[in-house]
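Reading through the structure tokens given below for one structure.
Every number here is computed from the coordinates shown, using simple stated rules; none is lab data. Quick caveat: nothing in here was measured; it's all calculated off a predicted structure. Reconstructed Cβ throughout: ideal geometry from the backbone, glycine too, with neighbour counts over all protein chains shown.
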């Protein structure tokens, strides 16, 4: 999905320095959301579906959280940094919990193995981005806007 | 949307003690998501739309975050508490930031006044629920599952 | 969720004649989406979950379709009528198929009974609205814009 | 996003013959949803935002419709064909209308040019898939289940 990289760069207020990181995270989030939904549906079709309840649950939660996070990160106009930070944090957790759950079934189900890997990749990408934007003068978790005049991404 | 209350109570693993709180939060989240999307669209139709950019942005972010939060909270099977906590936290922030932004336009635009109020109500409901579930033995923000045997909502 | 009615009326281009119908549909869609997601999760927690596979599937599909439909209908700016018509049509079908499926389990599971009723109500509301807007000079299913000058809802 | 192809193939009920087509459509839908949301946000940041109202509207609608369509198509368990057909139809229309709108601004705004192309690609992929699954014995638009015993994708 390299096209999202080109797309972000055409934004009137594109952050040239970080747009590549955002594009990579957005690609990882779109992939993770689809793979998690596919994993939930594969688990549902398994013979021993009763054993896959927690995996289906974490798959669906992770997919929903990834999609919301992507919707926020794709926007570059007047970014409310504190919301983005908190949502990224929730997303990192969702990917970790879902990745851990899927890993437990990775030997039995190939779809869980692929899903665990996809969650790990997404978690790493989100974690890296959170570090990048946190170190740039916006304190994570603060409720106050920074004193920078623009308050944009 | 009282029907969501009845619905949650029919769940095989319903948490009878707290199901009423969940229903109220779910109703507030559905309302807030729709009102925020409507506010973004009303702002877009305003004559001085250029002044409403940040309001449109926070409206859309808040709507996306509310919808993801509702999707998680409507589920009662094998709840991954740490994800739910982090997502509720992000949602409280989104409602606060969007409510603050809308309030600044409340005198000019009735849709912003209604949206600010709706965000406040949703924020309060989410905040109350976060307090409820945090005080019940699950440490907020912890990555470790509790030692309770069930690990369910 | 009466607040959505007030909200829609504050839109700079509100269609005063039909805003009440839109509000009722939006309320039904938000309710149906949440109830369907709750039903899917309740089915997943049932002892004989393997028998509920098709119900879980139609629940999730109906919820996703209802949410997308609501996102479109809440907007009143420059409405692309042909998309709205086609999406309403898909939504009516989703509610019908999910309602039929849930009805088959209504005697066994109270959550399926409530979900079937909620789907019926939403289907009726969407059907009524589709009739309303189809009879107002926009041919359903046509790909060509009407020759009305405004082309807005 | 080749990983979605591998993922779909691991499903216990994977349709080996068509899984490649589904993967291509899913990739196109994820891309189109993100690009449309990015285009809406870029339009919002343009100096003459008042002229971009209809473009923002069709971008947001197309993104919402694409996401719902992807959520349905990623599932392979007990597929309700008539819902999938109707949703694909709505998606083809959304991509067409949004692509047409963006094309009108393609000379002025590079983001609209990329978005128009992305919508065209997604429309073609969805159109091809609709043809594929329609020609396989399921009448498009029928409300009755087929008499095939499995009624699955």
Chain C Cβ-axis minimum, rotational copy A, residue and distance in Å: C:49, 3
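Provide the FRET efficiency to the nearest 0.05 for the residue A:100-residue B:100 pair, computing r from the beta carbons and using R0 = 30 Å.
Taking R0 as 30 Å, the efficiency between residue A:100 and residue B:100 is 0.25.
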For chain D, what is the relative contact order in percent, using Cα pairs closer than 8 Å and at least 6 residues apart in sequence? 27
Which residue fluctuates the most in chain D, going by a Gaussian network model with Cα springs under 10 Å, if the choices are D:106, D:45, D:86? D:45
Please report the spacing between the Cα centers of segment B:1-50 and segment C:1-32 in Å, no decimals. 15
Helix-only mean residue ellipticity at 222 nm, chain A, DSSP H runs n ≥ 4 weighted -39,500 (n - 2.57), per residue, nearest 500. What is it? -23500 deg cm²/dmol
Sort shortest first the distances from residue D:5 to its counterpart in every other copy, using label points 7 Å along the Cα-to-beta-carbon line, and give them in nm. 2.0, 5.3, 5.3
At 7 angstrom along the Cα-to-beta-carbon line, where would the label on residue D:51 sit relative to the other copies? Give the distances in nm, shortest first. 2.3, 6.3, 6.4
Ranked from fewest to most other Cβ atoms within 10 Å of their own Cβ, C:9, C:125 fall in the order C:9, C:125
Treating the point 7 Å from Cα along Cα-beta-carbon as the label, what are the nm separations from residue B:18 to the other copies, to one decimal? 3.3, 4.2, 4.3
Volume per residue that the Cα convex hull of segment D:49-142 spans, once the total is divided by residue count, Å³: 87
Rank the residues C:10, C:58 as a footprinting-exposure proxy: fewest other Cβ atoms within 10 Å of their Cβ go first. C:10, C:58
Using Cα-only point scatterers and the Debye equation, what is log10 of I(q)/I(0) for segment B:1-75 at each q in 0.23 Å⁻¹, rounded to two decimals? -0.92
Between residue D:21 and residue C:13, how many nm apart are label points set 7 Å from Cα along the C-beta direction? 3.8
